[in-house]
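Got a structure for you, written out below as structure tokens; questions coming shortly.
What follows is calculated from the coordinates using simple rules that are stated; it is not laboratory data. On a predicted model such as this, the values are computed, not experimentally measured, just so you know. Cβ coordinates were reconstructed from backbone atoms using ideal geometry, including for glycine residues, and neighbour counts include every protein chain displayed.
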Amino acid sequence: GDPRLKSLNEVLKWSVKESTKDGAEPRKVDPKVVEENKHLLDELFRDEYGGIEALRKLAADESADVGDRAEALEALEEYAQDLNFAVNFGKVGVLKTALDVFRGSEDSRLRANSVWLLGTSMQDIQSIKDELVEMGVIPMLKEALE
């Protein structure tokens with residue numbers, strides 16, 4: 001396997017062991033240790049969000065081919081099926097992009113894929129549901145059903 005994952009796993013095991021000693025005060029994490037190992041986490045998660053951002057930009061690009069934009073929305077919907085990604089879709093702009101595509105497009109495939117992406121993003125994540133309600137998704141979905 002990847003030696004970085006092995007190293008990260010060892011750090012996690014150590015931290016669990018150290019934080020659960022009988023009667024021990026909760027231990028403070030040394031910021032230096034966090035900083036020294038931050039690059040491992042960055043390397044492990046960088047590529048996925050780079051791909052998500054590229055798809056988001058393509059979906060939002062009104063000058064791009066409609067078929068390509070629709071496929072980008074489909075690919076984002078696949079990421080949304082993983083709650084680890086979906087939970088961050090508000091922060092990285094995916095939800096706003098999906099709403100903007102729905103509101104700004106006459107193309108039925110783009111509109112359908114944007115609604116599908118929003119619906120998948122909402123599953124089991126209350127914070128995403130709340131964020132979408134604040135963004136006005138309920139009247140938009142009602143309009144989509146009419």
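Does region 108-146 hold any residues that are small (Gly, Ala, Ser) and within 16 Å of residue 93 (Cα to Cα), and which are they?
Across region 108-146, the qualifying residues are 114, 119, 121, 127, 136.
Taking the criterion of being in a helix (DSSP H, G or I) and farther than 15 Å from residue 56 by Cβ, would at least one residue in region 88-103 satisfy it?
Yes, region 88-103 contains at least one residue that is in a helix (DSSP H, G or I) and farther than 15 Å from residue 56 by Cβ.
Here is a list: 88, 84. Which entry is within 12 Å of the chain's Cα centre (by Cα) and closer than 14 Å to residue 53 by Cα?
88
I've got another one for you. Can you tell me how many residues in region 68-87 are touching a helix residue (DSSP H, G or I) at 6+ places or on another chain (Cβ under 8 Å) and part of a helix (DSSP H, G or I)?
Result for region 68-87: 13.
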